[in-house]
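Coordinate-derived values only; no laboratory data. No experiment lies behind these values; they were computed from the predicted model shown. Every residue, glycine as well, gets a Cβ built from its backbone with ideal geometry; the counts of neighbours run over all protein chains shown.
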Amino acid sequence: MISPILEARNLCKSYDEGRIEALRGVDLSIAAGEYVAISGPSGSGKSTLLQLLGGLDTPTSGQVFFSNQPLGAAIDLDDYRAHQVGFVFQAFYLLPTLSALENVQVPMLALSRDAGNRAHRAGALLREMGLEDRLHRYPNELSAGERQRVAIARSLANHPSILLADEPTGNLDSVNSARIMEMLIGIQQKRGMTLIVVTHENEIAHSAPRHIRMRDGLRVGGDESRLES
Amino acid sequence: MAAQLSFTGFAWKNLWRRRLRTLLTLGGIAMAIGAFVGLVGFSRSFEHEWLRMYLSSGTDIAVVQQTFLNTSMDESAGVKLKALPVVAQATPMILNLMDLTPEVNALAYGWKADSYEFDSLQLVSGRRFRDGQPEVMLGDLLAGNLHKNAGDTLEIQGSPFTVAGVYHGGSALEAGAVILPIDQMQQLGGLQGKVTAFHVRLRPPPPGEAPDRYLKRAQAEIEAALPGLRAVPAAERASNNQLVLLAHAAAWGTSSIAMLIGILGIANTMAMSVFERTREIGILRALGWKRWRILLLIQTEAAVLGLAGGILGIAVGCGALRLLAALPQTASIVSASFPVLLLFEALGIAVLAGLAAGAVPAWRGAHLSPVEALRHD
């Protein structure tokens, strides 16, 4: 059996003193280097699941394991997000006062003391995203697609092992959507990273090697066969 | 190629994005620090001038009855004082603050014409006054403010006095003062036979006796010979007289209020800034920034505000101090020089004020949940 890089056991998350149950006991195992799409209607709990897998939030009950180590107990969540996880969000979440080059350096401020290395790596990542002529542009000077590419470059800054994308194409037109997904899959394959994409677009969900469906806080589909073999 | 992003550069960009608010906050803290530098500098310069005056005249001890502002000591005490073996010279004096014109106030000293305290003054024009005559001597700063020269007449409290001479004194308290014969001061104030203090020059300490011990022994001997009077060392007199203490209290009181307003200004700016940047703080937390780093970022911004405001404030305060030293109303009691230590104190206070003001917003920002912060509009 392949040891999972991420595992969720009986994951529950409720809000408003238990009145809203976003997740109601989700079990999940994801292998290193796997590309998984999670889909479902609004309110199905897919984004909440991604947030718990990414250490952005803690479950009400249940546990997330990274390489068999419980998050929040054996592994500090801040360290986990800084070292192991890269996030790509629907709304890009770039810092408006910083240029593209500076935005990509922000995660590295937490880990690297060498300003020259930080800037050099940020430049290399942006060039990899095809943004060599946009290094010094500010977010409001970039197109939506370019902004998402900056966000992808930023997510890779600290060499994470897992890339988590929450509706990465939600704010993009079809051409840019296709390009961003191509880019994410290319990164996952080239670097051997684990890629988890939350999406409501069937085309993206169905094209993923593994597809997990969510509804009302529960898994309603998916294929665990690779982990169980 | 690349613009390198540093932690402090990031903090500065956060401040600079809201230029107007940052500049207004800087203005607030600059005014507060300016008030501190101006007022505390004023009071310290006042104290410093007293010390300079005592040191330049060679006064070792001042003998007073109760307080420095009390002209109630019997002048006859001088006979006993001068007879003491430790006393080389003792001269009576009266101190008062007088309105010479509606615009010009000046310290007024009543001295004897043969007072040793004249030794430290340089006569610029005219001559020394004579006891028993309606004559005065003006410090050069005061003479300039009053546009008076030797030979002119100056009216004091309705009585005409001849300006016998103009002198230059080492301290602003002398250069901006008027000196009258002590008997004339007593007449003006209805204080016949009374003085404010005796200034005493001690004989040199005997071989083998440390100056400090000698000074203490002299104090004890004077107080024993003149029961009810206090013998106060000149340095203590300079820093611990009622005028200086009043100036210190007023300066600290006023500048503390100004500082409080400045701190509230920074606190408001930082609180607004953290509120507006809630989502950005969420992004930083999502990118793996620890709570302490968020705290450090916000506190760095607050400290930069304090530091920049402090530097501006020092410029404002120094300017105010120079203005006070040039104004006729205050020139007699303040000099434009100020202790360098005060500038470092002001900067330290400004940065600490920034940190104090930023503490609560920083704590709040650092403890935001990443998910809730990202959801913030």
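Numbers below:
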| read-out | value |
| --- | --- |
| Overall Cα dimensions of chain B, principal axis frame, Å, largest first | 87, 51, 41 |
| Computed Kirkwood radius, in angstrom, where 1/r is averaged over Cα pairs of the stretch A:1-71 | 12.5 Å |
| Proximal lysines relative to B:K290, as straight alpha-carbon distance under 29 Å, when same-chain residues fewer than 8 apart are discounted | A:K13, A:K46, B:K13 |
| Averaged over A:71-80, number of beta-carbon atoms from partner chains that fall within 10 Å | 2 |
| Dipole of the protein assembly as shown, positive direction: furthest Cα of A:A208, A:H136, A:S61, with charges on the beta-carbon | A:A208 |
| Within the protein assembly as shown, percent of DSSP bridges classed antiparallel, to nearest 5 | 65 percent |
| Rounded to whole Hz, the Karplus (6.51, -1.76, 1.60) HN-Hα couplings of the stretch A:6-18, x for glycine and proline | 10, 9, 10, 10, 6, 6, 10, 9, 10, 10, 6, 6, x |
| Nitroxide proxy distance, nm - points 7 Å out along Cα→Cβ at B:R217 and B:L323 | 5.3 nm |
| Set of aspartates and glutamates near A:K190 by C-alpha distance (under 15 Å), chain-local residues within fewer than 8 positions excluded | A:E34, A:E128, A:E182 |
| Long-range amide H partners of B:E135 with built H, under 5 Å | B:T162 |
| For the stretch A:168-224 and the stretch B:185-255, distance of Cα centres in Å | 87 Å |
| Between helix B:242-276 and chain B: long-axis angle, C-alpha atoms, 0 to 90°, nearest 10 | 10 degrees |
| Residues with amide H under 5 Å from that of A:V36, placed H, sequence gap 5 or more | A:L195, A:I196, A:V197 |
| Cα convex hull volume per residue for the stretch B:214-365 (Å³) | 171 Å³ |
| Listed residues A:D166, A:D27, A:D16, most fluctuating in chain A (Gaussian network, C-alpha, under 10 Å) | A:D16 |
| Residue order, fewest to most surrounding Cβ atoms within 10 angstrom, among B:V360, B:V371, A:V104, B:V178 | B:V360, B:V371, B:V178, A:V104 |
| P(r) weight above 41 Å for the protein assembly as shown, C-alpha pairs, percent | 50 percent |
| Gaussian network model of chain B, springs between alpha carbon atoms under 10 Å - residue of B:R19, B:R52, B:R44 with greatest fluctuation | B:R19 |
| Tail beyond 25 Å, pair distance distribution of the stretch B:31-140 (Cα, percent) | 34 percent |
| Footprinting exposure proxy for B:I257, A:I75 (fewest neighbouring C-beta atoms within 10 Å first) | B:I257, A:I75 |
| Table column - 3J(HN,Hα) (Hz), the stretch B:109-119, Karplus curve with 6.51, -1.76, 1.60, x for Gly and Pro | 10, x, 10, 7, 5, 9, 4, 5, 5, 5, 4 |
| Angle between chain B longest axis and helix B:291-326 axis [Cα atoms, degrees, rounded to 10] | 30 degrees |
| Per-residue Cβ neighbour rank within 10 angstrom, fewest leading, B:V124, B:V86 | B:V124, B:V86 |
| Sequence-distant residues sharing a close amide H with A:V26 (under 5 Å, placed H) | A:N10, A:L11, A:C12 |
| Residue-by-residue Karplus 3J(HN,Hα) for the stretch B:120-137, coefficients 6.51, -1.76, 1.60, Hz, glycine and proline x | 8, 9, 9, 6, 8, 7, x, 8, 6, 6, 10, 4, x, 10, x, 10, 9, 10 |
| Beta bridge orientation in chain B: antiparallel %, DSSP, nearest 5 | 80 percent |
| Eligible lysines near B:K82 by straight Cα distance, threshold 19 Å, same-chain separation 8 or greater | B:K112, B:K194, B:K216 |
| Degrees between helix A:174-191 axis and first principal axis of chain A (Cα, 0 to 90, nearest 10) | 80 degrees |
